[in-house]
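First comes the structure, then the notes that go with it.
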Amino acid sequence: MIIQQRPEPLEILLFRALFERLVLLENHIIFSEKGYEGELRSDKWLEGLTDNWLVLHGLLLEYNGSKFQIDTLIVAHEKIYLLDVKNYEGDYYLEDDKWFTKTNPNLKNPLHQMIRCETLLLKLLLELGYNYPIESYLIFNNPEFHLYMTTINPSIIFPSQLNRFLKKLNTRPIKLNSNHHKLAQQLASLHIVESPYLRLPPYTFEQIKKGILCPACRTYFLEACKGIFICGHCGCKESADAAVLRNVKEYRLLFPDSKITTNDIYEWCGRIVSKKVIRRILLKNFKLKGFGPSSNFV
Ligand SMILES: [Zn+2]
């Protein structure tokens, strides 16, 4: 039974919108989407778990001022499983305690991260009055991943072991009682919802490239002809009204605290739609508040 679904990644939407207008973010967005992709793959794989387990995805918890993220937590009868999912791709090396690739000689040790998480969770559980052992696994679920290592570590699960690992879990006794349910609900209620805006690099209206992006290929529209935009790159057509509205939506996503004014939207659309037309579109879809230069749309 899934107690908590993985939260909607507003962060990815945001990064995507920013990325197209601010080139320097490229690496950040790829990283963020890859991680999410791996988590979704793991959620799908865990659907093979018998329904009696209590599963919580994407938990962000805090103990004593330290925040920690848990990809997947499973409440079982006698213990708690903590799964840390990694979507690594390519060849990795593990020697002694050092993780590296051919291009990066110094990688963060994901096992250390996992142990930190386990320690903090254990303390939090004790504080809540629960005394469950925790079993943690580092799950690599990208079939294109390989780790060269000298010693076997049973807490690392490779793509080729995923099915067997699930089978093993499914044969464990479950028999959950109300205490287990109470614990799962309690952890879900402690989940911290963090604003993804906090994790974005700083940006201002002035820094960002203005204009309307084609919905199909995301190149900038040039000019509307009789109220219709035709993409010079892919030929996609969109009415000026729909294109402006779509762009207003993106503006609200990137600048949630800014007011919507005719002038700002005119600038935001790259001055390719007249102020008169923008005002008409805004009047039709939003409520005008105030008068004169300070008026804005809500
Ligand atoms: Zn296009």
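The values are calculated or read from the model by the stated rules, or taken from the named source; none is laboratory data. None of the values given here were measured: they were computed from a predicted structure. Cβ coordinates were reconstructed from backbone atoms using ideal geometry, including for glycine residues, and neighbour counts include every protein chain displayed.
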Every residue from the range 201-225 that is without any contact (Cβ under 8 Å) to a residue 40 or more places away in the chain, farther than 12 Å from Leu254 by Cα and part of a loop (DSSP other than H, G, I, E, B): Glu206, Cys214, Pro215, Ala216, Cys217, Thr219
I need a count of the residues in the range 225-249 that are under 13 Å from Lys210 (Cβ atoms) and within 16 Å of the ligand (Cβ to nearest atom). 1
Could you check Ile174 against (1) within 16 Å of the ligand (Cβ to nearest atom); (2) more than 25 Å from the chain's Cα centre (by Cα); (3) surrounded by 13 or more Cβ atoms within 10 Å (Cβ to Cβ); (4) outside any helix (DSSP H, G or I) and say which number it fails? (1)
Considering the range 75-127 alone, what residues qualify as being free of Cβ contacts under 8 Å to residues at least 12 places away in the same chain and in a strand (DSSP E or B)? Lys98, Trp99, Phe100
Report the residue count in the range 1-47 for those that are modelled with pLDDT under 75 and of a type in the set (Gly, Ala, Ser). 2
